[in-house]
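K.L.:
Let me give you the structure first, and then I'll get to my questions.
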Amino acid sequence: DAGVTQSPTHLIKTRGQQVTLRCSPISGHKSVSWYQQVLGQGPQFIFQYYEKEERGRGNFPDRFSARQFPNYSSELNVNALLLGDSALYLCASSWGTGTGTRDTQYFGPGTRLTVL
Amino acid sequence: AQSVSQHNHHVILSEAASLELGCNYSYGGTVNLFWYVQYPGQHLQLLLKYFSGDPLVKGIKGFEAEFIKSKFSFNLRKPSVQWSDTAEYFCAVNAQVSGGYNKLIFGAGTRLAVHP
């Protein structure tokens, strides 16, 4: 079975530009989460979507937005890029949020964004 | 605020040495605990997880971790490391937050180098 896929693999943008990153979850998974991993740090939570609705948001500015489509794939958009947005953006999928915490997230390979 | 601390940022071992990586978390409620591994050039992979029950959990590739609730710890162990265990290891807590969604909170990671 295919795992979580992300595109593109690498991306180079300049300050002020906008970027869209894409993610396809594991078949059957209804929840997608996005994380930012800056070099030398652990991933930081950005968003979680479940059944096409935003269920949670991390401490990121409004320049970051996302959406989930009927097929459960997802896009992460970042506007007005800053140098500090350079990072590896990870997508993770899971069955769903449910009401408990017994939900395991599986990660894609990430998109490496470089802002010049 | 919830947080995860990994005590060792860099660990260097010789093959066949024993490994223990520390992880402590700060969260008073019910948690699920995970260790993820990131091999060079590869994406984050699940190594093992704890939801409930036996506090000693076994994962892939001979790894195990022990959940000690009183110490808020979830240390990773392996009796005899191999060169192929060279990777970055992340401890993560899945804490349910208000609104019913779950987010992973990661530690900063421990970079393990195993020399032949």
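K.L.:
Give the percent of DSSP beta bridges with both residues in chain A that are antiparallel, rounded to the nearest 5. Before the final figure, lay out each step's value.
P.N.:
Working: 35 of 39 bridges.
The antiparallel proportion sits near 90 percent.
K.L.:
On the full set of protein chains, 1.4 Å probe, figure out the accessible area of B:H9 and give it in Å² to the nearest 10.
P.N.:
Using a 1.4 Å probe on the heavy atoms, I get roughly 110 Å².
K.L.:
Taking a point 7 angstrom from the Cα of A:W95 along the C-beta vector, which residues in region A:28-51 have backbone N less than 11 Å away?
P.N.:
Only A:29-30 pass the distance filter.
K.L.:
Using a 1.4 Å probe, what is the accessible area per residue for chain B, in Å²? Present the calculation step by step, with values, prior to reporting the outcome.
P.N.:
Details: 5360 Å² over 116 residues.
Heavy-atom accessible area per residue stands at 46 Å².
K.L.:
Against the 2.2 N^0.38 Å scaling, with N counting residues, where does region A:8-116 land? I'd like the Cα-based Rg ratio to two decimal places. If you can, show how the numbers build up before the last one.
P.N.:
Details: Rg = 13.4 Å, N = 109, 2.2 N^0.38 = 13.1 Å.
Against the compact-globule rule of thumb, the ratio is 1.02.
K.L.:
Tell me the label-point distance for the pair B:K58, B:W83, using the 7 Å Cα-to-Cβ offset, in nm and rounded to one decimal.
P.N.:
Here the answer is 2.7 nm between the modelled labels.
K.L.:
Going by amide H atoms built from the backbone, whose H comes under 5 Å of the H on B:E15, apart from near neighbours?
P.N.:
For B:E15, whose amide H was placed from the backbone, the distant partners under 5 Å are B:H115.
K.L.:
No solvent, one uniform scatterer per C-alpha: report log10 I(q)/I(0) for region A:33-72 via the Debye equation at q = 0.25, 0.28 1/Å, two decimals.
P.N.:
-0.85, -0.96
K.L.:
A further question follows. With θ taken as phi - 60° and the coefficients 6.51, -1.76 and 1.60, list the Karplus ³J(HN,Hα) couplings across region A:17-28 in order, rounded to whole Hz; mark glycine and proline as x.
P.N.:
6, 10, 9, 10, 10, 10, 8, 10, x, 4, 4, x
K.L.:
A:Q44's amide H: which non-local residues (gap 5+, or another chain) put their own amide H closer than 5 Å, with H modeled 1.01 Å from N in plane and none for Pro or chain starts?
P.N.:
Here the answer is A:Q36, A:Q37, A:V38, since their amide H atoms fall under 5 Å of that of A:Q44.
K.L.:
Rounded to the nearest 0.05, what FRET efficiency is calculated for B:L46 and A:S73 with R0 set to 22 Å and r the Cβ-Cβ distance?
P.N.:
Numbers: r = 21 Å, r/R0 = 0.97.
Efficiency, from the Cβ-Cβ distance: 0.55.
K.L.:
Moving on. In the protein assembly as shown, carbon and sulfur make up what percent of the accessible area (probe 1.4 Å)? Spell out each step's value before the answer.
P.N.:
Details: 5530 of 10800 Å².
Carbon and sulfur together cover 51 percent of it.
K.L.:
So the label point goes 7 Å from the Cα of B:E66 along Cα→C-beta, right? Which residues of region B:11-35 then have their backbone N under 19 Å from it?
P.N.:
B:17-25, B:33-35
K.L.:
Follow-up. Normalised by the residues of chain B, what does the relative contact order come to in percent, with Cα pairs under 8 Å and at least six apart?
P.N.:
Details: 286 pairs, mean separation 42.4, N = 116.
Value for chain B: 37 percent.
K.L.:
Whole number please: convex hull volume per residue, Cα atoms of region B:12-57, in Å³.
P.N.:
Values: hull volume 5.7 nm³, N = 46.
Residue-normalised Cα hull volume stands at 123 Å³.
K.L.:
Still on this model: How big, in percent, is the set of alpha carbon pairs in the protein assembly as shown lying more than 30 Å apart? Each step should come with its number before you reach the end.
P.N.:
On the way: 6432 of 26796 pairs.
Of the Cα pairs, 24 percent sit more than 30 Å apart.
K.L.:
Could you tell me how many cubic angstrom of Cα convex hull volume region B:3-115 has per residue?
P.N.:
On the way: hull volume 11.1 nm³, N = 113.
Spread over its residues, the Cα hull of region B:3-115 gives 98 Å³ apiece.
K.L.:
Compute the separation of the alpha-carbon centres of region A:56-74 and region B:21-43 and state it in Å as a whole number.
P.N.:
Region A:56-74 and region B:21-43 have Cα centres separated by 23 Å.
The values are calculated or read from the model by the stated rules, or taken from the named source; none is laboratory data. Note that the structure is predicted; figures quoted are calculated from it, not measured. No Cβ is skipped: glycine too gets one built from the backbone with ideal geometry, and neighbour counts run over all protein chains shown. Just so you know, the surface numbers come from the protein's heavy atoms only, side chains and all, with ligands and any DNA or RNA stripped out. Shrake-Rupley method; radii C 1.70, N 1.55, O 1.52, S 1.80 Å.
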